[in-house]
Every structure is written in C-alpha cells, then in structure tokens.
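Asker: Below you will find the structure I want to go over with you.
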Amino acid sequence: MGQSFEPVSQEAGVTPELLEEGRLLFAGQAEFFWAAAKADGLPPMGAPEFAFAGRSNVGKSSLLNALTGRKALARTSHTPGRTQQLNFFAIGGEPGQERLRLVDMPGYGFAAVSKEKIASWTRLMRAYLSGRASLQRVFVLIDGRHGVKDSDHDMFKLLDSSAQSYQIVLTKRDEVKKSDVEPCIAATMKALEKHPAAFPGVIFTSSRTGEGIGELRAAFARVLAERGL
Ligand code: GTP
Ligand code: MG
C-alpha cells in the first residue's frame with residue numbers, strides 16, 4: 001500500500017546506512033518468549049512484529065537463527081512440519097523491552113497432515129493475521145530450488161484478504177546454481193504479478209552461507225524507518 005516500484009535486484013535500494021541499521025537491530029539480545037498453539041493464546045501486542053511464513057522445510061527457523069546469529073534459537077528439523085505453533089522471539093532487549101519481535105510460523109503444504117490439523121492451522125493463522133496491528137510485515141519464504149507452489153498462492157491469498165504487508169524471501173541460495181539465480185528471481189516476481197499487495201522486491205538468502213542476510217536485516221530497518229518506529 002502506497003509502495004513505490006522497487007527494482008528487482010536485492011542489492012538495489014539497499015544503502016550502507018540501512019545495512020548498518022539492520023546489523024545493529026540484530027546485534028543485541030535474542031530470546032524465545034512465547035508459543036501460541038491456539039487463536040486465544042496469542043501474546044499481548046507490544047513491539048513491532050515480523051513474521052516468517054512458508055512451506056514446511058523451506059527454512060523459516062534456520063533463517064531466524066541466521067538473522068540473529070544464533071545457532072539454535074529456533075528449532076530446525078529435517079522432519080517437515082516440526083514447528084506447529086506460533087513461536088515469538090524478543091529481539092534487541094529483554095522480553096517486554098525488546099526492539100522488535102520475530103514470529104516463526106507453522107509451515108504449510110505438508111502432505112501427510114490430517115484435515116483437522118489443516119483446519120486448526122488455518123484458524124490460528126487467520127486469528128493472528130487479522131487485527132494484529134503490531135504486525136509490520138510477513139516474509140513469505142520460498143525454496144529457491146522449487147519456486148512458488150500452489151500452497152504458496154493460497155498463502156498469498158490469505159495475506160491479501162488480511163490486508164497484511166508481505167514480501168518474498170527466497171531460501172537455500174547455496175543449493176542453487178549461479179546461472180539459475182536471476183531466472184529464479186524473475187520467475188518469482190512473475191508469480192507475484194497477480195498479487196499487487198506483495199512488496200515488489202525479492203531477497204535471495206542462504207542461512208548456510210549468510211548470503212542475503214544483511215539485505216534482509218536492512219529490509220527490517222527500512223520498514224521501521226518508513227513507519228517511524
Ligand atoms: P518447519 O518448521 O517444518 O515448517 O520447517 P522450517 O521452514 O522451519 O525449516 P528449517 O529451518 O527447520 O529447515 C529445514 C531443513 O532445511 C533443515 O534440514 C535445514 O538445515 C535446511 N536448510 C535451511 N536453510 C538452509 C539453507 O540456507 N541452505 C541449505 N542448504 N539448507 C537449509
Ligand atoms: Mg520451523
């Protein structure tokens with residue numbers, strides 16, 4: 001909303017000042033403080049929140065660890081569907097005095113899940129995404145090796161209908177051939193054409209090598225600066 005067109009490349013538009021502000025945002029404390037498995041179990045609103053959504057196994061928890069420079073702040077797993085609740089992390093200060101919050105969301109698109117589980121996932125997501133005034137942006141992670149799937153489009157639709165600001169982050173860049181990087185970004189931008197509410201910029205990250213992590217931190221700094229937070 002009210003966003004001007006952004007160049008596709010992740011490097012463009014990222015100033016040294018924003019990179020430094022982003023670095024500082026994540027240089028302090030990082031602490032898990034709340035898990036919500038049900039819609040009525042959300043923590044009271046407080047510091048600005050940024051959430052990570054994406055298919056199971058896309059690398060949400062790993063990205064959260066990479067951003068904060070902690071190895072095991074958020075639990076990662078080889079078994080898809082491990083994170084079943086909304087996990088809240090306080091960043092840059094003791095819980096209650098944090099600068100911002102990260103929210104690790106339960107993954108979707110995992111085939112071996114009961115209808116009941118899907119329904120409770122949907123309830124929890126809707127409850128969180130609607131009327132969470134402190135939520136600044138949802139980063140939707142897409143596996144760079146696989147691209148945008150149908151279940152991702154469902155997520156985009158859910159975000160469109162919740163009127164939430166969201167942005168795509170491609171993951172596992174270290175697993176993608178150099179020559180495939182630009183085509184992958186272009187294909188992702190193309191898939192977003194039907195979703196004008198999405199922020200028109202894609203960041204390609206690797207939690208393993210750290211590529212794109214500085215740019216992603218800068219994206220946080222930019223949102224906070226633009227909103228005077
Ligand atoms: P759920 O909680 O199940 O939804 O998964 P998740 O999205 O949190 O994924 P998680 O961070 O647990 O990572 C899933 C798997 O992908 C793990 O085996 C990670 O080691 C691996 N992984 C995550 N990020 C990267 C990356 O940047 N590069 C590579 N090569 N592997 C990664
Ligand atoms: Mg996880």
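Asker: Could you list, in sequence order, the residues of segment 180-199 that are in a loop (DSSP other than H, G, I, E, B) and either surrounded by fewer than 15 Cβ atoms within 10 Å (Cβ to Cβ) or near ligand 1 (Cβ under 9 Å from one of its atoms) (or both)?
Answerer: If the condition is that a residue be in a loop (DSSP other than H, G, I, E, B) and either surrounded by fewer than 15 Cβ atoms within 10 Å (Cβ to Cβ) or near ligand 1 (Cβ under 9 Å from one of its atoms) (or both), then GLU193, LYS194, PRO196 are the ones that fit.
Asker: Now a separate question. Here's a check for you: in segment 91-100, which residue that is out of contact with any strand residue (DSSP E or B) (no Cβ under 7 Å at 6 or more places or on another chain) and touching a residue at least 24 places away in the same chain (Cβ under 8 Å) is most open to solvent (accessible area, probe 1.4 Å)?
Answerer: GLU94
Asker: Another question, then. Of all residues in segment 60-76, how many are within 11 Å of ligand 2 (Cβ to nearest atom) and over 13 Å from the mean Cα position of the chain (by Cα)?
Answerer: Residues flagged as within 11 Å of ligand 2 (Cβ to nearest atom) and over 13 Å from the mean Cα position of the chain (by Cα) within segment 60-76 amount to 3.
Residues are listed down the side, and each one gets a yes or a no for (1) out of contact with any helix residue (DSSP H, G or I) (no Cβ under 8 Å at 6 or more places or on another chain); (2) of a type outside the set (A, V, I, L, M, F, W, C):
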{"site": "SER151", "(1), (2)": "yes, yes"}
{"site": "MET155", "(1), (2)": "yes, no"}
{"site": "ASP160", "(1), (2)": "yes, yes"}
{"site": "VAL169", "(1), (2)": "no, no"}
{"site": "ASP174", "(1), (2)": "yes, yes"}
{"site": "LYS178", "(1), (2)": "yes, yes"}
{"site": "ILE185", "(1), (2)": "yes, no"}
{"site": "LEU192", "(1), (2)": "no, no"}
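Asker: Condition check: away from ligand 2 (no atom under 15 Å from the Cβ), of a type outside the set (Val, Ile, Thr) and assigned to a loop (DSSP other than H, G, I, E, B). Does ALA90 satisfy that?
Answerer: No; evaluated as a whole, the condition is false for this residue.
Asker: Answer yes or no: is there a residue in segment 169-179 that is open to solvent by less than 10 Å² (accessible area, probe 1.4 Å) and in a helix (DSSP H, G or I).
Answerer: No: zero hits.
Asker: Still on this model: Given (1) buried (at least 17 other Cβ atoms within 10 Å of the Cβ); (2) closer than 20 Å to GLN164 by Cα; (3) over 17 Å from the mean Cα position of the chain (by Cα); (4) among the hydrophobic types (A, V, I, L, M, F, W, C), where does VAL103 come up short, assuming only one miss?
Answerer: The one condition VAL103 does not meet is (3).
Rundown of residues vs (1) within 16 Å of the chain's Cα centre (by Cα); (2) of a type outside the set (Phe, Trp, Tyr); (3) buried (at least 17 other Cβ atoms within 10 Å of the Cβ); (4) more than 28 Å from LEU229 (Cα to Cα), yes/no style:
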{"residue": "GLU20", "(1), (2), (3), (4)": "no, yes, no, no"}
{"residue": "ALA37", "(1), (2), (3), (4)": "no, yes, no, yes"}
{"residue": "PHE50", "(1), (2), (3), (4)": "yes, no, yes, no"}
{"residue": "PHE89", "(1), (2), (3), (4)": "yes, no, yes, no"}
{"residue": "PHE110", "(1), (2), (3), (4)": "no, no, yes, yes"}
{"residue": "ALA119", "(1), (2), (3), (4)": "no, yes, no, yes"}
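Conditions (1) in contact with a strand residue (DSSP E or B) (Cβ under 6 Å, 6 or more places away or on another chain); (2) part of a loop (DSSP other than H, G, I, E, B), marked per residue:
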| position | (1), (2) |
| --- | --- |
| ARG123 | no, no |
| ALA133 | no, yes |
| PHE139 | yes, no |
| ARG145 | no, yes |
| SER151 | yes, no |
| PHE156 | no, no |
| GLN167 | yes, no |
| GLY201 | no, no |
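Asker: Then there's this: If a residue has to be open to solvent by 40 Å² or more (accessible area, probe 1.4 Å), within 17 Å of the chain's Cα centre (by Cα) and more than 16 Å from ligand 1 (Cβ to nearest atom) to count, how many in segment 26-35 make the cut?
Answerer: 0
Asker: Here is a further query. Name the residues in segment 121-146 that are open to solvent by 20 Å² or more (accessible area, probe 1.4 Å) and out of contact with any Asp or Glu (no Cβ under 9 Å at 6 or more places or on another chain), would you?
Answerer: TRP121, THR122, ARG123, ARG126, SER130, GLY131, ALA133, HIS146
Asker: Hey, another quick one. Looking only at segment 54-74, filter to residues that are near ligand 1 (Cβ under 6 Å from one of its atoms) and not in a helix (DSSP H, G or I); which one of those is most open to solvent (accessible area, probe 1.4 Å)? Please lay out each step first, then the result.
Answerer: If we filter segment 54-74 for residues that are near ligand 1 (Cβ under 6 Å from one of its atoms), which is where we start, we get 54, 56-62.
Retained after the next criterion (residues that are not in a helix (DSSP H, G or I)): 54, 56-59.
Numbers: GLY54: 0, SER56: 22, ASN57: 72, VAL58: 6, GLY59: 17 Å².
If we take residues in segment 54-74 being near ligand 1 (Cβ under 6 Å from one of its atoms) and not in a helix (DSSP H, G or I), then ASN57 is most open to solvent (accessible area, probe 1.4 Å).
Asker: Pick from segment 136-167 the residues that are polar (S, T, N, Q) and over 14 Å from the mean Cα position of the chain (by Cα): which of them is farthest from ligand 2 (Cβ to nearest atom)? Walk me through how you get there before you give the answer.
Answerer: Keep residues of segment 136-167 that are polar (S, T, N, Q), which gives 136, 151, 161-162, 164-165, 167.
Still in the running and over 14 Å from the mean Cα position of the chain (by Cα): 151, 161-162.
Working: SER151: 16, SER161: 24, SER162: 21 Å.
The qualifying residue farthest from ligand 2 (Cβ to nearest atom) is SER161.
The values are calculated or read from the model by the stated rules, or taken from the named source; none is laboratory data. Keep in mind that what you see is a predicted model, and the values were worked out from it rather than measured. Note that each Cβ is placed from the backbone with ideal geometry, even for glycine, and that neighbours are counted across all protein chains shown. Areas reflect the complete protein model, heavy atoms only, side chains present, ligands, DNA and RNA absent. Shrake-Rupley method; radii C 1.70, N 1.55, O 1.52, S 1.80 Å.
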